[in-house]
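**Q** Input: one structure, supplied below.
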Amino acid sequence: MQNKKDLLKFAIDQHEQVPPNWYEQSLKVDPFQRYWHKRRFEEVEKLIEPVKGYILDVGSADGVFSYRILRKAKPKGLIGIDVLKKSVDWANAHWGKKYKMKFYVGDAHDLKFKTGQFDAIFCNEVLEHVVNPKKVLIGMKRVLKKGGYGVFLVPSDSLLFRIVWWLWLHFYPRGWVWRDTHIQTYRNNYLPKLCKSVGFKVEVDKKFNLGMLHVVKVRK
């Protein structure tokens with residue numbers, strides 16, 4: 001399934017049941033999600049450097065995480081892409097008029113940007129959803145400028161994460177929308193290995209939330 005249209009359609013079909021403002025909604029109504037995302041924000045924000053140019057947020061969803069990145073990095077602007085038009089529309093309506101952010105429908109496998117266009121790239125809990133993560137990383141490396149940095153976050157797929165994830169999908173009232181959306185695994189420290197294989201230099205390699213989440217900071 002390497003055809004560009006097929007990859008995009010597959011990703012859309014995977015996530016069609018996810019509400020357009022999932023993260024904004026989760027922070028308001030779900031104490032478990034509020035804690036989970038608070039920890040994600042905290043750990044990723046530790047890795048953010050100020051940038052003068054533009055940031056790309058791959059898999060930006062409703063823009064909640066994008067806003068946290070924008071606030072810390074203070075770039076000239078942030079561009080977010082996501083496969084779900086309803087999430088892109090919501091993000092533009094909610095954030096676009098107030099902040100230096102613009103959101104587009106886009107496929108992580110086929111980034112429609114110039115080589116070296118971005119000072120920094122973020123990809124937060126997205127790589128577990130893509131068909132070809134190596135292709136995605138190669139594309140992100142291409143559009144990242146020389147000396148720029150990337151922050152990539154994935155589930156570690158540790159035993160604890162797999163137990164929690166199974167319970168979340170099958171017993172938690174809101175978890176069912178994510179069934180069958182994780183199609184890649186990053187257990188056994190696969191994320192930093194994959195980053196190195198495409199030519200990134202790994203500067204930070206850290207697990208948190210009891211080892212259930214794995215974040216790396218890379219440099220081109």
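**Q** Report the Cα-based extents of segment 36-127 along its three principal axes, largest first, to the nearest Å.
**A** Principal-axis extents of the Cα atoms in segment 36-127, largest first: 31, 29, 29 Å.
**Q** Within 10 Å, count the other beta carbons around each residue, average over each peptide in 19-31, 76-88, and list them highest first.
**A** On the way: 19-31: 16.0, 76-88: 21.2.
The packing order, highest mean first, is 76-88, 19-31.
**Q** Also, I was wondering about something else. Out of the total accessible area of the chain (probe 1.4 Å, heavy atoms of protein only), what percent is carbon and sulfur? Display every interim value, and only then the final one.
**A** On the way: 6100 of 10530 Å².
Using a 1.4 Å probe with all protein chains present, the chain comes out at 58 percent carbon and sulfur.
**Q** Also: Given an 8 Å cut-off on Cα distances and at least 6 residues of separation, report the relative contact order of the chain as a percent.
**A** Dividing the mean separation by the residue count of the chain yields 18 percent.
**Q** How big is the dipole moment of segment 61-117 about its Cα centre under a simple scheme where the beta carbon of each Lys and Arg is +1, that of each Asp and Glu is -1, and everything else is neutral? Debye, nearest 20, please. Don't skip to the answer; put the middle values down first.
**A** Numbers: 13 positive and 5 negative charges, 96 e Å.
Here segment 61-117 has a charge dipole of around 460 debye.
**Q** Given labels modelled 7 Å from the Cα in the Cβ direction, how far is it in nm from Val105 to Asn189?
**A** Between Val105 and Asn189, the label points sit 4.2 nm apart.
**Q** Another one. Counting only heavy atoms of the protein chains, get the accessible area per residue of the chain (1.4 Å probe) and round it to a whole Å² value.
**A** 48 Å²
**Q** How big is the Rg/Rh ratio for the chain, C-alpha atoms only, Rh by Kirkwood, two decimals?
**A** 0.93
**Q** Could you work out how much longer the chain between Thr181 and Glu42 gets when fully extended? Use 0.36 nm per residue separation minus the Cα distance between them, nm to one decimal.
**A** Result for the pair: 47.6 nm of gain on full extension.
**Q** Taking the Cα centre of segment 64-220 as origin, sum charge times position over the Cβ atoms of Lys and Arg (+1) and Asp and Glu (-1), and report the length of that vector in debye to the nearest 20. Each step should come with its number before you reach the end.
**A** On the way: 31 positive and 11 negative charges, 167 e Å.
Using Cβ point charges on Lys, Arg, Asp and Glu, segment 64-220 gives about 800 debye.
**Q** So, one more: Out of the DSSP beta bridges found with both residues in segment 86-220, what percent are antiparallel (nearest 5)?
**A** So the antiparallel bridges amount to about 70 percent of the total.
**Q** Moving on to the next point. From the helices alone, meaning DSSP H stretches of at least four residues, give me the mean residue ellipticity at 222 nm for the chain, per-run term -39500 (n - 2.57), in deg cm²/dmol to the nearest 500.
**A** It comes out at -11500 deg cm²/dmol, rounded to the nearest 500.
**Q** Amide H to amide H, which residues 5 or more places from Val204 or on other chains are under 5 Å from it, using H placed in the peptide plane?
**A** Here the answer is Lys217, since their amide H atoms fall under 5 Å of that of Val204.
**Q** Another question, then. Viscosity 0.890 mPa s, temperature 25 °C: what is the translational diffusion coefficient of segment 68-181 from Stokes-Einstein with a Kirkwood Rh over Cα pairs, rounded to a whole number of µm²/s?
**A** 154 µm²/s
**Q** Whole-Å semi-axes of segment 128-169's equivalent ellipsoid, largest first, each the root of 5 times a Cα gyration tensor eigenvalue?
**A** 29, 12, 7
The values are calculated or read from the model by the stated rules, or taken from the named source; none is laboratory data. What you see is a predicted model; the values in this text were computed from it and never measured. Neighbour counts are summed over all protein chains in view; Cβ atoms, including those assigned to glycine, are modelled from backbone coordinates with ideal geometry. The area values use the complete protein model at the heavy-atom level, side chains included, leaving out ligands, DNA and RNA. Shrake-Rupley method; radii C 1.70, N 1.55, O 1.52, S 1.80 Å.
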